[in-house]
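K.L.:
Quick one: the structure is below, and I'll ask about it shortly.
Derivation of every value follows stated rules applied to the coordinates shown; laboratory data play no part. From a predicted model like this one, the values you see are computed outputs, not experimental measurements. Don't worry about glycine lacking a Cβ; one is built from the backbone with ideal geometry, like all the others, and counts go over all protein chains shown.
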């Protein structure tokens with residue numbers, strides 16, 4: 001049994017002073033006056049991150065430096081625990097395109113390591129898989145079919161990073177400037193863009209149909225990625241896609257919500273005060289009640305800071321802001337056993353204290369066992 005006292009419990013609809021008791025990894029009661037003295041700190045649910053590229057970043061910390069895969073996964077796991085993420089969806093790309101090579105190796109190595117370390121019980125937090133399917137990639141269908149039946153696969157998303165076509169690189173001129181700044185010549189950029197447009201023409205539609213069919217057959221939630229317009233959203237709804245992930249415009253987010261879709265956005269956008277690539281402000285989505293969940297995207301520590309900042313800026317109450325990183329993601333992913341402080345749910349817990357307005361994690365428990 002694990003007990004807590006002198007806490008400010010962050011519940012669905014308010015803050016309650018008191019204690020909490022956990023038994024056999026689940027919350028037994030929201031009461032108690034013995035056990036860990038939290039000294040008035042917040043006690044909140046562990047966070048659920050539906051999309052993080054952090055494993056890819058640990059596997060490739062520099063452009064020309066690849067880190068040993070198993071070590072990268074363990075580093076990523078420790079960073080998630082320290083950031084208060086007790087359930088993480090490792091967002092791994094399937095499909096190498098353009099200048100972003102070696103992602104397939106990261107996926108294959110990371111998948112094998114995750115399977116082994118998961119079975120061994122060696123990981124601090126629970127890792128599930130979010131497979132990001134690059135539609136222009138010719139090899140994507142075979143790679144997806146090879147893993148689609150694994151129980152760790154809990155979320156799929158479709159994306160197309162073809163320059164000038166859609167997604168993050170819809171603005172081809174911006175894409176050219178970005179690659180030129182990385183040191184590529186004009187001739188190299190021209191060649192890659194031509195190849196990508198040809199791959200898009202050949203593979204986008206059949207690959208999209210395949211991913212939609214496999215998601216439907218397995219009952220896995222399916223997300224779109226970087227939607228620009230109402231037309232994008234309408235097409236997604238027609239295909240049964242229920243999640244709009246990182247919409248780049250207010251119009252796309254508004255249309256997604258109007259059609260009953262769930263909307264996920266990146267927490268770094270709030271922490272930084274806006275998008276690093278000129279997309280819609282996530283805080284604007286929050287203020288318009290267009291957001292269901294925040295994801296870390298590329299900085300695990302951003303989730304807690306973004307949620308507290310949302311409350312500090314008056315966009316939401318603190319319980320509602322923290323729901324964007326707890327209950328909201330749980331509902332999207334169909335994880336009915338976590339995401340709130342309630343009897344019978346998992347004792348995934350965070351002790352948080354504010355220092356000059358900055359939330360600092362003091363302790364983390366996963367299923368009642370301290371992991372950070």
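K.L.:
Quick one: if you stick a label point 7 Å off each Cα along the C-beta vector at residue 284 and residue 12, how many nm between them?
P.N.:
3.3 nm
K.L.:
How big is the Kirkwood radius of the chain, worked out from every pair of different alpha carbons and given in Å to one decimal?
P.N.:
So the Kirkwood estimate lands at 21.2 Å.
K.L.:
Nearest 10 degrees, 0 to 90: what angle lies between the long axis of helix 186-218 and the longest principal axis of the chain (Cα atoms)?
P.N.:
60 degrees
K.L.:
While we're here: With contacts defined as alpha carbon pairs under 8 Å and 6 or more residues apart, what's the relative contact order of the stretch 46-339 in percent?
P.N.:
Normalised by residue count, the contact order of the stretch 46-339 is 17 percent.
K.L.:
For the stretch 279-370, what relative contact order do you get, as a whole percent, if you take Cα pairs closer than 8 Å and at least 6 residues apart? All intermediate terms of the calculation are to be shown ahead of the outcome.
P.N.:
Values: 103 pairs, mean separation 17.8, N = 92.
19 percent.
K.L.:
Next question. Would you list 257, 5 from fewest to most Cβ contacts within 10 Å?
P.N.:
Values: 257 20, 5 17.
Fewest to most other Cβ atoms nearby, the residues stand as 5, 257.
K.L.:
When the chain is fully extended, how far beyond the present Cα-Cα distance does residue 108 get from residue 78, taking 0.36 nm per residue of separation? List each step's numbers first, then the result.
P.N.:
On the way: separation 30, 0.36 × 30 = 10.80 nm, distance 2.08 nm.
8.7 nm is the gain from fully extending residue 108 to residue 78.
K.L.:
Could you grab the relative contact order for the stretch 11-124? Cα pairs under 8 Å, six or more apart, rounded to a whole percent.
P.N.:
Relative contact order here is 22 percent.
K.L.:
Express in whole angstrom the spacing between the alpha-carbon centres of the stretch 1-50 and the stretch 317-364.
P.N.:
Taking the Cα centre of each part, the stretch 1-50 and the stretch 317-364 sit 11 Å apart.
K.L.:
Based on other C-beta atoms within 10 Å, arrange 47, 178 from fewest to most.
P.N.:
178, 47
K.L.:
Still on this structure, please answer the following. Starting with the fewest neighbours, write out 15, 97, 48 ranked by other beta-carbon atoms found within 10 Å of each beta-carbon. Could you put the intermediate results ahead of the total?
P.N.:
On the way: 15 14, 97 23, 48 28.
Fewest-to-most Cβ neighbours within 10 Å comes out as 15, 97, 48.
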